[in-house]
Amino acid sequence: MMQILQPPGWAKPKGFSNGISAAGKLVFVAGQIGWSGEGKWEARDFASQFRQTIKNTLAVLAEAGGKPEHIVRMTWYILDKQEYLGAIREIGAAYRELMGRHYPAMAVVQVSGLIEDEARLEIETTAVIP
């Protein structure tokens, strides 16, 4: 059971939810980055790394029997706000292809660095499987 939390009178958010209430099995997916499951870099640009990061996230979630619609929270850590904004159309297309029209509670945070030097972003995810 999942309920989108939208306070009355608030503007509808675009591409995320203000909050979600859910009950079920909690799944915590560690920060995923844009390398393959074998730890190999196949893409260097932000949009391609984003696509791979989401694929990695969904692969881990599937191990618990989860699907994209079970995701309740995502925190994105990005290195460069302008790079992110410059790739926003490609990010949106990849997101809709892999996640559909499900928009969990999200935060996007610009950070000064990530542990893996080649990574352009890292995404941490929480899901609730009914």
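Rule-based calculations on the coordinates, nothing more; no lab input. Keep in mind it's a predicted model, so treat the numbers as computed, not measured. When we count neighbours, we look across all protein chains shown, and the Cβ atoms used for this are built from the backbone with ideal geometry, even at glycine.
On inspection, Thr125 qualifies as in a strand (DSSP E or B) and either surrounded by fewer than 16 Cβ atoms within 10 Å (Cβ to Cβ) or hydroxyl-bearing (Ser, Thr, Tyr) (or both).
Apart from one condition, Gly31 fits all of (1) under 20 Å from Gln110 (Cα atoms); (2) more than 18 Å from the chain's Cα centre (by Cα); the exception is (2). The set of residues in region 68-106 being of a type in the set (Ser, Thr, Tyr) and closer than 30 Å to Ala23 by Cβ consists of Thr75, Tyr77, Tyr95, Tyr103.
In region 105-115, the qualifying residues are those that are closer than 19 Å to Gln52 by Cβ and touching a residue at least 60 places away in the same chain (Cβ under 8 Å), and the one that is nearest to the chain's Cα centre (by Cα) is Met106. Can you find a residue that is under 27 Å from Ala87 (Cβ atoms) and hydroxyl-bearing (Ser, Thr, Tyr) anywhere in region 20-30? No, the conditions are met nowhere in region 20-30.
Filtering region 55-90 to residues that are touching a helix residue (DSSP H, G or I) at 6+ places or on another chain (Cβ under 6 Å) and over 23 Å from Glu38 (Cα atoms) leaves Glu83, Ala87, Glu90. Close contacts from region 1-28, counting a first residue that is at positive phi and a second that is aromatic (Phe, Trp, Tyr) and surrounded by 14 or more Cβ atoms within 10 Å (Cβ to Cβ), with Cβ to Cβ under 8 Å and a gap of 6+ residues or different chains, come to Gly15/Tyr95; Gly15/Tyr103.
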